[in-house]
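The block underneath contains the structure these notes are about, expressed in structure tokens.
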Amino acid sequence: MKRILTLLMCGVVSMASAQQNEIVLKGKQLYGDMRARHIGPALMSGRVIDLEGHPTNDRILYVGSAGGGVWKSANGGASFQPIFDDHAQSIGKVKLDPKDPDNTIWVGTGEIWTRNSVSVGDGLYKSSDGGVNWEKKGFENSERIASIEIHPENTNTMYVGVLGALWNDNEERGVFKSEDGGETWDNILYIDGTTGCSDVIMDPNNPDILYASMWEFRRTGWSFNSGGNNSALYKSTDAGKTWNKIHNGFPEGKLGRIAIAVAPSNSNILYSVLETEDEKKRGLYKSLDAGQNWELLNSDFGLVVRPFYFSRIVVDPQNPDVVAKGGLFGSISRDGGKTFRNLGFMHADIHDFYFDKKNSDRMYVGTDGGAYRSLDGGTSMERVANLPISQFYQISLDNEEPYNVYGGLQDNGSWYGPSSSPGGVEARDWNVVGVGDGFRVLRHPTKKILYSEMQGAANVWRYDMERLSTKTVQPLQVKGYDKLRFNWNAPMAISEKQPDRFYMGSQYLHRSEDMGATWEIISPDLTTNDKSKQNQSESGGLSVDNSGAENHCTIFTIAESPLNEDVIWVGTDDGNIQVTKDGGKSWSNVTTNLTGVPANTWVYHIEASVHGEGTAYAVLEGHTSGDKNPYTLKTTDYGQTWKSIVTDDIYGFARNIQEDYENEDLLFLGTEFGLYITIDGGKNWSRFENNMPPVAVHFIDLHKKTNDLVLGTHGRGVIIIDDISPLRQLTQEALAADVHFFETAPAIISEQSTFGGTASEMEFVGGNKSNDA
Amino acid sequence: MMKKKNLLFAILFALMSTAAYGQDITVDKILDNYFENTGGRENFKALKGLRMNAKMNQGGMEIAIEILNLSDGRQYQKISLQGNDFMQGVYDGESHWSVNFQSLTPEKSDAEATENFKTTLNDFPDPFLDYKKKGYTVELAGEETIDGAETYKVKITMEPTKVDGKEVETVSFYYFDKEAFVPIAVDTEVQAGPQAGVIQRITQSDYQEVNGFFFPFSLGQGVKGGAMQAITIESIEINPTVDASVFVFPGGK
């Protein structure tokens, strides 16, 4: 603590002399040595998008994650370290320079397996020093980069496949070429604003031959389309000058996402998996003449399932007959694609493979549950235990000592674990309290009970933490009301005043006074109920995909005022903010009072303030309609008037806000690219950078007793900034004074055991709170 | 021939009443007794097919299974689950295939699995039948007490199995009850997949007569030393009539 104070004071003193009027503190000066600590967890890990190996050193392996950056292993995949912590954490492609693989690393940001919850990238990055420093090399608006190919001899010649924006038209798409090592780029294959390059690959034996799969695709908040007349597979034999479709043997009609691979040991052998209009024609196609002719070999479900999520084919570098394909369980063929079997047991949803270049029995697999390694050709799989790239949708806290963190994860259930633990927070400390996709987990304020849920409120569990028993308590349809529409990430809330009260939102607000045993609907349909956004049964494009992830016109956030239980705020995914002042008897739609926000912008979070009954913050975000601006507004009059509190300081869209309980001007904003803090009520914002990557922050909570700020990130697990109370004292008066002595709470001498934990050397262990006074 | 409803009970009884057993027992004597006690070698050789209807309970859900085997190797298992039928392990003389539980479409097994399956075609109705002609080796590997019953442990080595292209010996251990001379357990080492190296055990009890043959009506399947999944045979049909078209792989590719 002493060091923080000293640094803060230095900042104060030096700034005070420079500024006469209002004193603005930003960035590292503001935060001194306050530092984020990461507690994981890593035991369920998170989505891996891309794997890349070193051409000659089989101990070096890279993992590109969906939301947790790039990780490097120097021990053959036994453990990994992050190397990309200052930039966008959503990764599409990692590529090593073939002639300088130890130093020159390229990273294309923006994940390419385009589910509803994907994060966004912001360009192409290069490191020339093995991942220590990174430089952006264009493609600012590309959102998603699928491929990077580098000429094996003349490494200044490069190709980049840009999948491009998922949610809007955009011209920065297609195949790009550079002849000066990435300084300048030419778009050498462009179709239109909705068709991106889902893969561009180079023939490993002839760098002038390229294959490019182009994909017509689009997501909205309520639908997905894969496929169209523009999806096609192209080949160039003149280093990208001219391109021709190679469809001889493909069926007529629209195509969807096309996977493509060349056998490294035989350039004439190509494999492609097609999503086609005719269901019977879907499957694995093979060419024995470098793409001149194609034959359908196999239509197994494992090959054709969810092309938008699984379109990676990897061929064994030594054996052209060994082919791996991503899917729910991952498929592998050893007879040239005629027949397949599943890979060994892993977390479901397999995205990428990497075969050791010399020993194909050594292989690596990227899944929704992290990275796996195999020593027997994919039969037995072992999960990497130190990749804390878990993707939280939401977190909450309790009042235990040490307090616990609760939350739900993408495809990884619901969990809680301690904020500190003897020896550090490790895998054994975490408890699983839900299955499926997890979202919100809330602890009962006074009892050892929690609520958890799975996608679309298909199940909401009331979980007894002492007896380990569960009861499903989700609201069900009742007579006189429409069928319930729950968001994929269905909102729940509890009350500060009534411990047994429990809210859930469908299109209606549901309230229970008995911990979910019985429910009452206390609102009309609070959404726009726009029927044109409720055709999920037709969503998906060529492959209908109605998982519930696109359910729309639903309530997304619920907040009961901590000061008055009759004041309840509701925000919907289709842009409504509604408020009641009488416990749900009457509702006001205050949406039209918002200023500077496009209609129907998703209301992601409403924070009901402790500083006034009518005071609340609303965070809206429109990235699902292509609007990446941050929107955060404050009202002090129950939504009658709103004032924007965001500035140009903020990069990327925002999802969540947390106010300080004491200093109304101190606010914390969770954005797609990290955490921002204001100490002046939103006039200035600074990104918090001390050990805090620009990871998507989906939820923030502030612990009332410890003043710890706890972040639920979508890619780096739970991150805690211990005791933010010094920031409360950074008032204009304090800044103007020559010297300011911070008030500090008495230090506590911890009596927690120091016996340590049980984690092995290869497991992730989260840091504990510092005990230094 | 003993008519027993409950073999295990009889075995326990035998165990208490007699501790004497032949010192000069040979594998062929065990097998002679086995075939004689369960229906006779010639009758087994004349079998054209078997249809078994079985039930198992998994997590509170009852699953009905129809197991059909023909002497020419064609076979299927039909699993009925919540009103749906899933054809599994179907062999039509050429392709080995199963219906995918998610897409409900038929899919061929991978080439190696099919090749391995074909080595079992000569094992209907029993691998010990004419084992010398098949080139199998059979030897007495000792004596063991299984679930309280004294048994002869008989090792049988059959055609090798291929695992990722490499040949692996295929060995099973049959535990023949010393009193009744029927196998009450079969241990086989799992050769492929993530479970490789694990000893799989099948237990067989409650032998009942069907048209002069004796078959176990109570099966257990699991890992040696672990929990067993109980499978109850409800009926067995000898030489059933079957529509040949059900075996044919219906898919295109």
Just B:A180, B:A230, B:A196 to compare: in a GNM of chain B, with alpha carbon springs under 10 Å, which one fluctuates most?
B:A196
Whole-Hz couplings from phi, Karplus 6.51/-1.76/1.60, listed for the range A:728-738; x for Gly and Pro:
4, 8, 7, 8, 4, 5, 5, 5, 7, 5, 5
From the phi angles alone, apply the Karplus equation (6.51, -1.76, 1.60; θ = phi - 60°) to the range A:155-162 and give each ³J(HN,Hα) in whole Hz, x where the residue is Gly or Pro.
6, 6, 8, 9, 10, 10, x, 9
The extension gain from A:N141 to A:F741, computed as 0.36 nm times the residue separation minus the Cα-Cα distance, is 211.4 nm
For the pair A:N229/B:S71, report the inter-label distance in nm, with labels modelled 7 Å from Cα in the Cβ direction.
6.3
Tilt of helix B:27-38 relative to the longest C-alpha principal axis of chain B, in degrees (0 to 90, nearest 10)?
70
So what's the gap between the Cα centers of the range A:335-362 and the range A:567-623, to the nearest angstrom?
48
As straight-line cross-link partners of A:K137, the qualifying lysines (C-alpha separation under 16 Å, not fewer than 8 residues apart within one chain) are A:K93, A:K95, A:K126, A:K177
Given the pairs A:K357/B:K108; A:K581/A:K643; A:K136/A:K358, which are separated by over 25 angstrom at their Cα positions?
A:K357/B:K108; A:K136/A:K358
Helix A:2-18 vs. chain A, principal-axis angle (Cα, 0 to 90°, nearest 10):
90
Longest to shortest principal axis, alpha-carbon extents of the range A:611-741, angstrom:
48, 38, 28
Scattering from the C-alpha atoms of the range B:66-192 alone, worked out with Debye: what is log10 I(q)/I(0) at q = 0.12, 0.21 1/Å?
-0.59, -1.22
For A:K533, which lysines qualify as cross-link partners when the Cα separation must be under 27 Å and same-chain residues fewer than eight apart are set aside?
A:K254, A:K479, A:K483, A:K628
For every other residue with a beta carbon closer than 12 angstrom to the beta carbon of A:G221, add +1 if it is Lys or Arg and -1 if Asp or Glu, then tell me the sum.
-3
Roughly how many debye, to the nearest 20, is the charge dipole of the protein assembly as shown about its Cα centre, given +1 on each Lys and Arg Cβ, -1 on each Asp and Glu Cβ, and no other charges?
1160
Show me the GluC sites (Glu not before Pro) within the range A:504-597 that DSSP assigns to loop and that have at most 16 other Cβ atoms within 10 Å of their Cβ.
A:E513, A:E565
Pair B:A46, A:T731: separation of 7 Å Cα→Cβ label points (nm):
10.6
Express the relative contact order of the range B:163-231 as a whole percentage, based on alpha carbon pairs under 8 Å and six or more residues apart in sequence.
20
Which residue, B:P183, A:T339, A:W642, has the largest displacement toward the positive end of the dipole of the protein assembly as shown when charges sit on each Cβ (Lys, Arg +1; Asp, Glu -1)?
B:P183
Trypsin sites (Lys or Arg not before Pro) within the range A:186-280: DSSP coil, no more than 13 neighbouring Cβ in 10 Å
A:K241
Amide H of B:L81 versus every other amide H placed in the peptide plane: which residues, excluding those fewer than 5 positions away on the same chain, fall under 5 Å?
B:F86
Sparse-neighbourhood loop hits (chymotrypsin sites (Phe, Trp or Tyr not before Pro), the range A:671-773; DSSP loop; Cβ within 10 Å at most 10 others) -> A:F741, A:F755
Note on the range B:48-124: contact order normalised by length, alpha-carbon pairs under 8 Å, 6 or more apart, percent, works out to 19
Please give every one of the lysines within straight-line cross-link reach of B:K153, meaning a C-alpha to C-alpha distance under 23 Å, and leave out same-chain neighbours fewer than 8 residues apart.
B:K4, B:K29, B:K132, B:K133, B:K134, B:K178, B:K224
Rounded, prolate or oblate for the range B:48-124? Axes are the square roots of the Cα gyration tensor eigenvalues, ordered a ≥ b ≥ c, and the cut-off for rounded is a/c under 1.5.
oblate
Shielding score for B:110-120, defined as the mean number of other chain Cβ atoms within 10 Å:
3
Three-way shape label, the range A:84-245, alpha-carbon gyration tensor, a/c 1.5:
oblate
Inter-label distance, nm, simple model (7 Å from Cα along the C-beta direction), A:S588/A:S625:
2.4
Rounded to 10°, Cα long-axis angle of helix B:7-17 versus longest principal axis of chain B
20
Determine the relative contact order of chain B: mean sequence separation of Cα pairs under 8 Å and six or more apart, normalised by residue count, in whole percent.
21
Please return the longest range in chain B lying between exposed loop sites, taking chymotrypsin sites (Phe, Trp or Tyr not before Pro), DSSP loop only, at most 13 other beta-carbon atoms within 10 Å, and leaving the sites out.
B:102-253
Given q = 0.08, 0.09, 0.10 Å⁻¹, what are the Debye log10 I(q)/I(0) values for chain A, with equal point scatterers placed on the Cα positions and solvent ignored?
-0.66, -0.83, -1.02
Add +1 for every Lys or Arg and -1 for every Asp or Glu among the other residues with Cβ under 11 Å from the Cβ of A:M346, and state the total.
-1
Just to check I understand the Karplus step: with θ = phi - 60° and J = 6.51 cos²θ - 1.76 cosθ + 1.60, what whole-Hz values come out for the range A:104-115, glycine and proline as x?
9, 10, 10, 10, x, 8, x, 5, 10, 9, 7, 6
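Every number here is computed from the coordinates shown, using simple stated rules; none is lab data. Since we're looking at a predicted model, the values are computed, not measured. Note: ideal-geometry Cβ built from the backbone for every residue, glycine included; neighbour counts use all protein chains shown.
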